[in-house]
Amino acid sequence: MATLTHSSSFTHLFTKLSLKPKKFTSPSRIRMSLQENAPSLAVVGVTGAVGQEFLSVLSDRDFPYGSIKMLASKRSAGKQITFEDRNYTIEELTEDSFDGVDIALFSAGGSISKHFGPLAVEKGTIVVDNSSAFRMEEGVPLVIPEVNPEAMKGIKVGMGKGALIANPNCSTIICLMAATPLHRHAKVKRMVVSTYQAASGAGAAAMEELELQTREVLEGKPPTCNIFKQQYAFNLFSHNAPILSNGYNEEEMKLVKETRKIWNDMDVKVTATCIRVPVMRAHAESVNLQFEKPLLEDTAKSILKSSPGVVVIDDRASNHFPTPLEVSNKDDVAVGRIRHDVSQDGYSG
Ligand SMILES: NC(=O)c1ccc[n+]([C@@H]2O[C@H](COP(=O)([O-])OP(=O)(O)OC[C@H]3O[C@@H](n4cnc5c(N)ncnc54)[C@H](OP(=O)(O)O)[C@@H]3O)[C@@H](O)[C@H]2O)c1
């Protein structure tokens, strides 16, 4: 089974924080920001690849908000940003940034989250953190809304009580969006994942570097390697996350540990190999599942077709399956190449 997505599943989180995004009549965007009693938001890391994605999903989903603070580093403070036809001045993130903020979406790196996340929670803010800072911390829900929304049960906007919600790694999210519905049906014993990860996962500067390198290589010039240590354009390499003592890299071990936490199953066997490919946006994965109970191919397809946030693109006759270009700028995880593993007996793979 192969899965792909534009990695914005984290943004589903705030549509599930006991709020019903409201639809408005035209001109919805201006009226929406004027809503009374809607939560006040803050986006931390608003100038980054994820921060920009936060804004675009807030807008796409007509998420109700009373105000938005646009927060980034000192470097960006004072710059203007336009969102839903209004101009905002980017503010420097400081310890006072969260006064009166109901929901803060964090995506400015783990060290920023570690420092400012708990400060925001103390001020009564619900923090949705996109970094790895709190994912494995006991008591912090690690949530994919389509998979385990119950983990954040009890966290409610408007109660004046802060909370931390961690958002899993992008590879884990897209894998589990597809694997969980099948897991619920036939219980996964072992999962083997291989990833084909895009530049977007490494941030805005990595996407710029891929574009620059592509031009440079085509022009016969040596490629600029600032973000990655080696040529990225027209190449692929093992994921740039640090290598651990067991030979796996951190990205691979995130898939192992986060799956166990989200499924609340410490026995599930997971192994992963993560590769960076020169694709601008949307990660792809090959996911091989071994089940406890037999699972027929047609059953698997129909389960996936009815799973929230999943679309099946699996047209064998025309050899048409998900591609990064097809899923970019869309929220759903696309799944294709769904087939029995011929190396496993009894329809268990
Ligand atoms: N890209 C993805 O798909 C993805 C997926 C999952 C998780 N993440 C995680 O999300 C985080 C950000 O990723 P990204 O891809 O958006 O990176 P990015 O494009 O490099 O953006 C980084 C953001 O963090 C801000 N920032 C840096 N230092 C700061 C500081 N001292 N105070 C306040 N803001 C600061 C930057 O603001 P300035 O512009 O002012 O420097 C920028 O807005 C990382 O932890 C990454 O691991 C990314």
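Some points to look at:
- Extreme residue, surrounded by the fewest Cβ atoms within 10 Å (Cβ to Cβ), among residues of region 86-112 that are within 10 Å of the ligand (Cβ to nearest atom) and without any contact (Cβ under 8 Å) to a residue 40 or more places away in the chain: 111
- The set of residues from region 116-142 being under 18 Å from residue 44 (Cβ atoms), in a loop (DSSP other than H, G, I, E, B) and within 16 Å of the ligand (Cβ to nearest atom) comprises 125, 130, 131, 132, 133, 134, 135, 140.
- First in region 46-75 and among the aliphatic types (A, V, I, L, M), second anywhere and away from the ligand (no atom under 13 Å from the Cβ), Cβ under 6 Å, 6 or more apart: 55/83; 68/41; 70/88
Here's the yes/no breakdown for (1) away from the ligand (no atom under 16 Å from the Cβ); (2) within 30 Å of residue 315 (Cβ to Cβ):
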{"site": "191", "(1), (2)": "yes, yes"}
{"site": "202", "(1), (2)": "no, no"}
{"site": "228", "(1), (2)": "no, no"}
{"site": "248", "(1), (2)": "yes, no"}
{"site": "270", "(1), (2)": "yes, yes"}
{"site": "293", "(1), (2)": "yes, yes"}
{"site": "298", "(1), (2)": "yes, yes"}
{"site": "303", "(1), (2)": "yes, yes"}
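- Residue-level analysis places residue 166 among those that are free of Cβ contacts under 8 Å to residues at least 60 places away in the same chain, within 14 Å of the ligand (Cβ to nearest atom) and in contact with a Leu (Cβ under 8 Å, 6 or more places away or on another chain).
- For region 155-182, residues that are assigned to a helix (DSSP H, G or I) and buried (at least 23 other Cβ atoms within 10 Å of the Cβ) total 10.
- Residue check, residue 323 under 23 Å from residue 56 (Cβ atoms), surrounded by 14 or more Cβ atoms within 10 Å (Cβ to Cβ), of a type in the set (S, T, N, Q) and modelled with pLDDT of 95 or more: yes
- Breaking point among (1) surrounded by 17 or more Cβ atoms within 10 Å (Cβ to Cβ); (2) outside any loop (DSSP other than H, G, I, E, B); (3) of a type outside the set (Lys, Arg); (4) more than 10 Å from the ligand (Cβ to nearest atom), for residue 65: (2)
The values are calculated or read from the model by the stated rules, or taken from the named source; none is laboratory data. These numbers come from a predicted model, not from an experiment. Cβ: placed from backbone, ideal geometry, glycine included. Neighbour counts: every protein chain shown.
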